[in-house]
Amino acid sequence: MACAAVPSGLGWLMAPRIHALGCVAGLFLLAALGARAADFGPRFDELTRRATPAQLYALLYDMPKGGDLHNHAAGANRPEWIYAVCTDPARSGGETFYTRSRFSDAPDAIDPGARFRTIRRKAYELLSEKAKAEYVPLASLSAEERERWCHSLRLDGTGDGRLEFFSHIWPRLGQLNTCLPAVTELLVENMKAFGAEHLGYLETQFVVMGMVDNDGGVIPDALAVDYVRRRLARPDALATGVTVRFQNTILRFAPDAERRLELSYAFVDAHRDLWVGLNMAGIEENGYGYPSRFLETFRRLRSRYPTLALSIHAGEMDGPDRHVRDTLLLGASRIGHGINLIRDPETLLLLQQTRRVLIEVNLISNRLLGYVPDLSTHPFPEYLRTGVPVCLNTDDRGMWDSNLTDEYYTAVTLYHLSWGEILSIGRDSLAHSFAEPEAKARLLADYERRIAGFEERYGAVPADAALGALASVRPVAYGYARSTWGFDFN
């Protein structure tokens with residue numbers, strides 16, 4: 001007997017569960033979940049209508065969340081976290097970092113990306129004496145210098161935008177991201193912060209290929225993977241409650257990007273227990289990273305390896321393009337950003353009808369980088385409400401000084417999300433994750449359990465009592481929430 005069509009309100013995301021349970025049992029489950037959402041929906045509408053902005057933020061902070069699927073590990077680290085890890089030998093593997101804070105020649109003409117560029121001890125020792133004079137140990141910065149160093153790694157200045165982000169901030173990170181102990185500690189810091197926001201799953205773009213030890217030697221991939229695995233098994237990482245999986249990412253416009261793609265394919269295939277997919281990143285305006293450049297490489301790799309999941313940046317440009325369509329041809333089942341999908345009606349119709357491809361939406365990123373300066377015009381609600389699977393993500397949250405609650409607060413206040421739509425976003429983020437089937441089933445079941453508890457907590461008491469209970473929630477909000485909405489929960 002064929003299963004009945006899945007109701008559009010809950011969507012394709014429940015199909016794996018229906019097939020796992022059988023048609024009849026699965027459809028009963030689907031109906032039960034829909035009824036539960038309908039029960040809490042009016043209460044959610046009442047709370048969002050009556051809550052103060054700070055109360056609404058607290059409610060969304062306390063709300064269980066599914067997965068963050070579009071997350072750049074190197075861009076997710078708050079500068080304060082980076083400074084704390086890199087100035088603590090116990091957390092940085094005994095490494096010493098230096099940052100360029102002085103300029104002996106024409107300081108006003110220096111490339112902005114060179115100021116506060118950070119290097120490791122071995123690189124510092126190889127500098128000339130004149131060059132060494134321009135660097136100071138990171139740990140020696142004064143409080144004022146430390147604040148300027150942190151500011152240099154955030155997109156929070158007047159007029160900051162794409163140029164600052166792509167051309168200046170990333171070079172300032174310098175050699176920070178080649179230090180395996182430091183980047184792994186920062187991964188755990190992210191897990192702790194996401195756990196406090198009640199995130200269930202983090203699928204971050206985390207690369208350990210080419211890590212370098214303190215003497216400048218390349219760390220073998222197998223040793224780097226084993227180091228990460230051991231760190232994730234420690235009690236503080238486990239206590240976050242966040243399940244982590246990784247994507248390997250290549251820079252799409254690099255001259256040797258095809259070769260890097262082949263190496264990444266082999267790496268992920270060898271470590272599928274933690275690395276679950278591949279990504280291609282990098283500014284799309286750079287004409288050397290167009291999707292069709294990689295079509296033959298992907299086809300050749302698919303002839304050699306079992307299927308690897310692909311989530312690829314596409315459609316993050318100012319003008320119309322066909323990058324989403326061309327990226328689907330590469331074999332991607334998730335699209336990062338996908339802003340320009342709205343300008344490609346044939347591809348949009350395909351995604352609406354099939355519901356097989358998820359768009360990873362990054363509202364704050366799109367605003368700060370100027371791709372959608374006015375978020376009221378963002379295509380996210382059109383995708384959501386016409387059948388395209390979507391989820392909300394943080395992208396480079398450390399550089400935005402934001403969190404996942406900021407994404408939900410933006411969406412709820414701008415687009416008036418219903419409770420059923422919020423549940424759809426959460427479930428889709430897990431159903432379209434690249435986690436192995438057993439982990440995905442566990443994550444979906446845990447999400448439903450946590451959501452049921454949330455609904456009970458705020459739905460089983462009068463609305464006044466529910467709003468009053470928010471006084472005990474202590475959101476952790478950062479610079480974006482303070483500058484955009486005036487929130488300061490300290």
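The values are calculated or read from the model by the stated rules, or taken from the named source; none is laboratory data. This is a predicted model, so every value here is computed, not measured. Glycine also receives a Cβ, built like all others from the backbone with ideal geometry; neighbour counts cover every protein chain displayed.
Every listed requirement among (1) of a type in the set (Ser, Thr, Tyr); (2) surrounded by 13 or more Cβ atoms within 10 Å (Cβ to Cβ); (3) over 25 Å from Gly370 (Cβ atoms) is met by Thr307 save one, (2).
The set of residues in segment 256-310 that are among the small types (Gly, Ala, Ser), modelled with pLDDT under 95 and part of a loop (DSSP other than H, G, I, E, B) contains only Gly282.
Residues checked against (1) closer than 25 Å to Asn490 by Cα; (2) at pLDDT below 95; (3) assigned to a helix (DSSP H, G or I); (4) among the hydroxyl-bearing types (Ser, Thr, Tyr):
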| position | (1), (2), (3), (4) |
| --- | --- |
| Pro42 | no, no, yes, no |
| Leu47 | yes, no, yes, no |
| Asn71 | no, no, no, no |
| Ile82 | yes, no, yes, no |
| Tyr98 | no, no, no, yes |
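The number of residues in segment 76-107 that are within 17 Å of Pro171 (Cβ to Cβ), touching a strand residue (DSSP E or B) at 6+ places or on another chain (Cβ under 7 Å) and surrounded by fewer than 22 Cβ atoms within 10 Å (Cβ to Cβ) comes to 2. Checked against the criterion of being closer than 19 Å to Gly41 by Cα, touching a residue at least 24 places away in the same chain (Cβ under 8 Å) and not assigned by TED's automatic domain parsing to the domain that holds Asn190, segment 468-488 has at least one qualifying residue.
Of all residues in segment 196-219, those that are closer than 18 Å to Ala74 by Cα and either among the aromatic types (Phe, Trp, Tyr) or part of a strand (DSSP E or B) (or both) total 7. Looking at the structure I just gave you, is Gly426 more than 21 Å from Arg334 (Cβ to Cβ) and in contact (Cβ under 8 Å) with a residue 24 or more places away in the chain? In short, no. The set of residues in segment 425-440 being among the small types (Gly, Ala, Ser) and out of contact with any helix residue (DSSP H, G or I) (no Cβ under 7 Å at 6 or more places or on another chain) consists of Ser429, Ala439. The set of residues in segment 226-267 being in contact with a Gly (Cβ under 6 Å, 6 or more places away or on another chain), of a type in the set (A, V, I, L, M) and surrounded by fewer than 21 Cβ atoms within 10 Å (Cβ to Cβ) consists of Leu251 alone. Among the residues of segment 146-182, the ones that are of a type in the set (S, T, N, Q) and part of a loop (DSSP other than H, G, I, E, B) come to 3 in all. For Ala84, state whether it is without any contact (Cβ under 8 Å) to a residue 40 or more places away in the chain, within 30 Å of Arg234 (Cβ to Cβ) and small (Gly, Ala, Ser). So Ala84 fits the description; yes. Against the list (1) in contact (Cβ under 8 Å) with a residue 40 or more places away in the chain; (2) in contact with a Pro (Cβ under 9 Å, 6 or more places away or on another chain), the condition Trp400 fails is (2).
Applying the set (1) assigned by TED's automatic domain parsing to the domain that holds Thr204; (2) in contact with a Lys or Arg (Cβ under 9 Å, 6 or more places away or on another chain) to Arg115 leaves exactly one unmet item: (1).
Per the conditions (1) surrounded by 14 or more Cβ atoms within 10 Å (Cβ to Cβ); (2) over 18 Å from the mean Cα position of the chain (by Cα); (3) among the aliphatic types (A, V, I, L, M); (4) part of a helix (DSSP H, G or I), the sole criterion not satisfied by Leu127 is (4).
Filtering segment 414-473 to residues that are aliphatic (A, V, I, L, M) and under 20 Å from Arg245 (Cα atoms) leaves Ile425, Leu430, Ala431, Ala435, Ala439, Ala441, Leu443, Leu444, Ala445.
Here is a yes/no grid of residues against (1) closer than 28 Å to Glu407 by Cα; (2) assigned by TED's automatic domain parsing to the domain that holds Thr394; (3) free of Cβ contacts under 8 Å to residues at least 24 places away in the same chain:
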{"position": "Ser167", "(1), (2), (3)": "yes, no, no"}
{"position": "Leu186", "(1), (2), (3)": "yes, yes, no"}
{"position": "Phe194", "(1), (2), (3)": "yes, yes, no"}
{"position": "Glu203", "(1), (2), (3)": "yes, yes, no"}
{"position": "Val228", "(1), (2), (3)": "no, yes, no"}
{"position": "Ala233", "(1), (2), (3)": "no, yes, yes"}
{"position": "Thr243", "(1), (2), (3)": "yes, yes, no"}
